[in-house]
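Heads up, the thing below is written out as structure tokens.
The values are calculated or read from the model by the stated rules, or taken from the named source; none is laboratory data. Fair warning: this is a prediction, and the values are worked out from it, not measured in the lab. As a convention, Cβ positions derive from the backbone with ideal geometry for all residues, glycine included, and neighbour counts pool all protein chains shown.
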Amino acid sequence: MNNYRHAMVMVENLDDGAALLNCVAPLALDPQSPTEITLSHFSEDYRAMNYISDSMMDDAVAEDVIKAKAMLSHLVKISPFPIKTLQLVTLRQFDDVEKCIADLKIDLVIVGHRNRLFGTFTSRAFDLINHLNTDILIRHIPDKGEH
């Protein structure tokens, strides 16, 4: 039996998105107590750092958002269960993630992690553990060729 009602799966790209969808399938497909799944992607809003209008910066942020939405749409299409999506563009990542968690009543955050050189220092997963007050599942994402 599953105790989670709503899980947010944080994805960076198609590879970790597909792996994390497989990870949450048992939660989403639990016949007694299915968990609602929201796929999320967070982009940095570099425009907020500019004090003057810069169309090149606007174009870069817009391109990131378009790519992320296309990725999320693809993951929705290949998912064997219903999922919602969330695209957030911000510089205040942890504040805005906490607000999303509260607003959507998320009780589990799932994030992928790759073992790589300096991964401990650059991992978003460890930052989330230190900032969020909800359950977090960190799932190892193998590199191509790794089993």
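If you go through region 62-86 and keep only what is polar (S, T, N, Q) and exposed (fewer than 13 other Cβ atoms within 10 Å of the Cβ), you end up with just SER73.
Determine whether TYR4 is at pLDDT 80 or above and over 23 Å from PRO142 (Cβ atoms). The answer is yes for TYR4.
The criterion of being modelled with pLDDT of 90 or more and in contact with a Ser or Thr (Cβ under 7 Å, 6 or more places away or on another chain) does not hold for LEU75.
Taking the criterion of being of a type in the set (Val, Ile, Thr) and either surrounded by fewer than 17 Cβ atoms within 10 Å (Cβ to Cβ) or touching a Leu at 6+ places or on another chain (Cβ under 9 Å) (or both), the residues of region 87-109 that qualify are THR90, VAL97, ILE101, VAL109. Consider GLU36 carefully, then state whether it is modelled with pLDDT of 90 or more, within 16 Å of the chain's Cα centre (by Cα) and over 13 Å from GLY112 (Cβ atoms). Yes, satisfied. A Cβ distance below 7 Å, combined with a sequence gap of six or more or placement on separate chains, defines the contacts here; from region 6-18, residues that are under 14 Å from ALA68 (Cβ atoms) and free of Cβ contacts under 8 Å to residues at least 12 places away in the same chain reach no residue that is aliphatic (A, V, I, L, M) and buried (at least 22 other Cβ atoms within 10 Å of the Cβ).
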